[in-house]
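The values are calculated or read from the model by the stated rules, or taken from the named source; none is laboratory data. Predicted, not measured: the structure shown is a model, and the values here were computed from it. Don't worry about glycine lacking a Cβ; one is built from the backbone with ideal geometry, like all the others, and counts go over all protein chains shown.
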């Protein structure tokens, strides 16, 4: 039988996993939208770069969020203006941290 503390811990873990799952899906949507050249600018102008980097940082233990977040940054970085914004927002550091945090997955997930 679980104690109240164990129940609360389980609920918190489930809540965190659920939020990470939502973040992963949202990042996937932004990634898909970012494939369109016109949307790259609109996404960046909406302030999404800082939010994407924050998701990568906040969910460093969730590989799916990492993969989607870095993928979105990759797509947005294809536009010259966005590259500057990404660098100014600390994106280079965040992406390198994500790469190191997920080094066990480098060969199988990041090399797509």
Residue 85 vs (1) within 18 Å of residue 30 (Cα to Cα); (2) over 9 Å from the mean Cα position of the chain (by Cα); (3) modelled with pLDDT under 95: all pass except (3)
Exactly one of (1) assigned to a helix (DSSP H, G or I); (2) closer than 22 Å to residue 17 by Cβ is unmet by residue 60. Its number?
-> (1)
Residues in region 20-56 that are farther than 17 Å from residue 82 by Cα and either over 14 Å from the mean Cα position of the chain (by Cα) or exposed (fewer than 15 other Cβ atoms within 10 Å of the Cβ) (or both) total 4
